[in-house]
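What follows is a single structure, written as structure tokens, with notes after it.
Just so it is clear, none of the values below were taken in a lab; they were calculated from the coordinates. All of these numbers come straight from a predicted model, not from anything done at the bench. Backbone-built Cβ (ideal geometry, glycine too); neighbour counts: all protein chains shown.
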Amino acid sequence: MSSLGNLKDWSSAELINLYKKMLLIREFEQRITKDKGKIKSPLVHTYIGEEAIAVGTCAAINEEDYITSTHRGHGHFIAKGGDIDSLMAEIYGKEEGICKGRGGSMHVADFSKNMLGANGIVGAGPPIALGVALASKMRKEKRVVLTFFGDGAANQGMLHESMNLASIWKLPIVFVLENNMYGWSTSVEYATAIKDLSLRAQGYGMKGFTIDGNDVIEVYSTIKEAVDFARKGGGPTLIECKTYRWGGQMTMDADNYRSTEEKEEWKKKCPIETYKIKLIQNEIIDKAIIQKIEEETLTEIELSIKFAKKSTKPDTDTVLDDIYKNPLNLGGN
Ligand SMILES: Cc1ncc(C[n+]2csc(CCOP(=O)(O)OP(=O)(O)O)c2C)c(N)n1
């Protein structure tokens, strides 16, 4: 797959928008993890370090296209255009949250944006994507589905069954493998016998590519080609995006299975910093623009915290509402 990663093909506004989105994801997460303790449900699966994947992929699809997410859902939610206030309220466990505070960051979904949900079950996104892509094909809608999953999920049966069926039925799916080098504390080398996981695509008769998941333009360009191919009826593609999770598996993880040197090496490849430098070198942004973007981003996040704090605490009588369908007569609907 050729790289269309030429900055000249983009408008300045589009390039700056990618930067803004990545920064928003990063600052959002930094703020919620700093607010740990004040938030009722502080469990957040960290996404910092991986922002270029969410932003580059979602920039390559249309509003009416779908995504399925992982347990690291907040980055995908923001990249797909989800509302920050309702995301923050969700993480604070409030009624005004996007899932009425019942889900937290691990279960955020926004069907109005075709963000079909984060998911606590590792590898559960791809079979959902398969069903949605089948519906899209049967209805001749030409909508494409991006399904995110990790290197750990890449060893799950559900993923392989989904890739097989998607290929046989030529479904409009792009399988986006976020290889952040670890499935919780298990390194990808320990768990997998091949170096590039995109090789797996061959076994299912589809194309597979391994790319730099920290380069937002490379992510965008590769995904765009796969999306165009899927939209034209060509079927699925597997794209492995190599990256690194800077933080622990989640906010409460001791994170003692990786060396400081390894973490520092990856931080040098920061997706936001390297992209910022590229934009400065190409005279797309300067110090003043950077400062303005940073200020606006922080203000947006502080406003969302204000919104979340003044939002309504759920009534315990309704706690099971929207969770179970007719739960053993325990209430709810
Ligand atoms: C089916 C299932 N098995 C195990 C777990 C526990 N678990 C939660 S996250 C995780 C690691 C998943 O790793 P990966 O798929 O690489 O995604 P990453 O966390 O690196 O984004 C595990 C094992 C789970 N939630 N679901």
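Evaluate Rg over Rh across segment 126-277, taking Cα atoms for both radii and Kirkwood's formula for Rh.
Numbers: Rg = 16.3 Å, Rh = 16.3 Å.
With Rh from the inverse mean 1/r over Cα pairs, Rg/Rh is 1.00.
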Sites Ser185 and Lys34 - FRET efficiency at Förster radius 25 Å, r taken between beta-carbons, to 0.05: 0.55
Share of Cα-Cα pairs in segment 210-324 lying beyond 25 Å, as whole percent: 57
Highest-first arrangement of 127-136, 244-253, where packing means the average Cβ count within 10 Å: 127-136, 244-253
Rounded to whole Hz, the Karplus (6.51, -1.76, 1.60) HN-Hα couplings of segment 104-117, x for glycine and proline: x, 5, 6, 10, 5, 8, 9, 5, 5, 9, 6, 9, 7, x
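How high is the relative contact order of segment 51-162, in percent, with contacts defined as C-alpha pairs under 8 Å that are six or more residues apart?
29 percent.
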Cβ-derived FRET efficiency at R0 30 Å, Ser112 paired with Asp228, nearest 0.05: 0.75
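Nearest 500 deg cm²/dmol is fine: what mean residue ellipticity at 222 nm does the chain get from its DSSP H runs of n ≥ 4 alone, each adding -39,500 (n - 2.57), divided by its residue count?
Working: 11 runs with 136 residues, N = 333.
So the helix-based figure for the chain works out to -13000 deg cm²/dmol.
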Pairs beyond 20 Å (Cα-Cα), from Lys80/Lys207; Lys242/Lys292; Lys242/Lys268; Lys21/Lys94; Lys224/Lys287: Lys80/Lys207; Lys242/Lys292; Lys21/Lys94; Lys224/Lys287
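Can you give the translational diffusion coefficient of the chain in µm²/s, computed by Stokes-Einstein from the Kirkwood radius over Cα pairs at 10 °C and 1.306 mPa s? Don't skip to the end; give the middle numbers.
Values: Rh = 20.3 Å.
Estimated diffusion coefficient is 78 µm²/s.
For segment 81-120, what is one quarter of the convex hull surface built on the Cα atoms, given in nm²? Could you put the intermediate results ahead of the total?
Details: hull surface 9.3 nm².
The orientation-averaged projected area of the Cα hull of segment 81-120 comes to 2.3 nm².
Return the tail of the calculated pair distribution for segment 1-124, meaning the percent of Cα-Cα pairs more than 26 Å apart.
Working: 1528 of 7626 pairs.
Considering segment 1-124, 20 percent of its Cα-Cα pairs are separated by more than 26 Å.
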Ranked by how many other beta carbons lie within 10 Å on average, peptides 79-86, 155-162 from highest: 79-86, 155-162
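Under the classification rounded if a/c is under 1.5, otherwise prolate if a/b is larger than b/c and oblate if not, where does segment 83-209 fall, given a ≥ b ≥ c as square roots of the Cα gyration tensor eigenvalues? Walk me through the numbers on the way to the answer.
Details: a/c = 2.85, a/b = 1.31, b/c = 2.18.
Oblate is the answer for segment 83-209, as a/c is 1.5 or above yet b/c matches or exceeds a/b.
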Histogram of C-alpha separations across segment 110-173, 5 Å bin width, %: 4, 19, 28, 25, 16, 7, 1
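Mind ranking 204-210, 220-226 by how tightly packed they are, going by the mean number of other C-beta atoms within 10 angstrom, highest first? Walk me through the intermediate numbers first.
Working: 204-210: 18.6, 220-226: 23.9.
Taking the mean over residues of other Cβ atoms within 10 Å, the ranking is 220-226, 204-210.
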Percent RCO, i.e. relative contact order, over the chain, from Cα pairs under 8 Å lying at least 6 residues apart: 22
